[in-house]
Amino acid sequence: MRDEWYYADDGRSIGPTTVAEIHVRILAAQSSPHFVWTDGMAEWAEARNVPEFASAFPVVAALASHGEPEHKGMGISAAKR
């Protein structure tokens, strides 16, 4: 596994960083596309298509399929905050 990765954030290249840090970013911004690059890659790729990051996406898909979460005890969806 490669150690130094870069990710795209608002048109900027951020890194080097780790696979673990990019996993955290994927989970934090579930609906956003995530582009990554490391030495040896011809071009930037969507993280869901890169083996090192693909495991982060089933969790994202499962969360999205359940709709907006309700805040416990408040009875409101996240969209109404």
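From the list Arg48, Arg2, which one is in contact with an Asp or Glu (Cβ under 8 Å, 6 or more places away or on another chain) and modelled with pLDDT under 95? The match here is Arg2. Residues of segment 10-28 that are under 11 Å from the mean Cα position of the chain (by Cα) and over 12 Å from Ala56 (Cα atoms): none at all. Mind checking whether some residue in segment 33-40 is among the hydrophobic types (A, V, I, L, M, F, W, C) and under 13 Å from the mean Cα position of the chain (by Cα)? Yes: segment 33-40 contains one or more residues that are among the hydrophobic types (A, V, I, L, M, F, W, C) and under 13 Å from the mean Cα position of the chain (by Cα). Name the single residue that is most open to solvent (accessible area, probe 1.4 Å) among those in segment 1-55 being part of a helix (DSSP H, G or I) and touching a residue at least 24 places away in the same chain (Cβ under 8 Å). This residue is Leu27.
The values are calculated or read from the model by the stated rules, or taken from the named source; none is laboratory data. Source: prediction; values computed, not measured. All Cβ positions, even for glycine, are placed from backbone atoms using ideal geometry, and neighbour counts span all protein chains on display. All accessible areas refer to the heavy atoms of the entire protein, side chains included, with ligands and DNA or RNA removed. Shrake-Rupley method; radii C 1.70, N 1.55, O 1.52, S 1.80 Å.
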